[in-house]
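Beneath this line is the structure, given in structure tokens, with notes to follow.
The values are calculated or read from the model by the stated rules, or taken from the named source; none is laboratory data. Nothing here was measured: the structure is a model prediction, and the numbers come from that model. In this analysis, Cβ positions are derived from the backbone assuming ideal geometry, glycine residues included, and neighbour counts consider all displayed protein chains. SASA here: full protein model, heavy atoms, side chains in, ligands and nucleic acids out. Shrake-Rupley method; radii C 1.70, N 1.55, O 1.52, S 1.80 Å.
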Amino acid sequence: MIVFCRGRLIWSEEGTLLKGTFFVRNCERLTLDLAGVHSIDARGFGALAIIAKRALRKSVKFAVSNPTRRADELMRLVKLNTVMPTVAIEHAPSELGLSSFVASEC
């Protein structure tokens, strides 16, 4: 499953983690495409780490794709890239017929 996010990835409510946990339970692979995300705060990175940890426990292959250069640098700095690899996805959700899976403010 590919979830296309846009906006901000922040820990503004408990729903952020719950959404990710829901996807982890219902798929073998989960990729969060961050191409449309313009900002991620520290708690947003924390949510990604928790989702990665739960995915590992459930044997779900979890990855992120297309983070901004700064987000990618921060993930490498804090070693998040060791638990959630970065992959490239070059198609827009509409090209894949996945417009219903676009998540705003993940």
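Here region 76-87 is the region considered, the condition is being in a helix (DSSP H, G or I) and out of contact with any Leu (no Cβ under 8 Å at 6 or more places or on another chain), and the residue that is surrounded by the most Cβ atoms within 10 Å (Cβ to Cβ) is ASN81. Of everything listed in (1) part of a strand (DSSP E or B); (2) at pLDDT below 85, the single unmet condition for ALA63 is (2).
Looking only at region 2-48, which residues are among the small types (Gly, Ala, Ser), part of a helix (DSSP H, G or I) and modelled with pLDDT of 65 or more?
In the first step, residues of region 2-48 are kept if they are among the small types (Gly, Ala, Ser); the result is 7, 12, 15, 20, 35-36, 39, 42, 44, 46-47.
Now narrow it down to the ones that are part of a helix (DSSP H, G or I): 15, 20, 42, 44, 46-47.
Within region 2-48, ALA42, GLY44, GLY46, ALA47 qualify.
Residues in region 24-50 that are more than 16 Å from ILE89 (Cβ to Cβ), hydrophobic (A, V, I, L, M, F, W, C) and open to solvent by 10 Å² or more (accessible area, probe 1.4 Å): ILE40, ALA42, PHE45, ALA49, ILE50.
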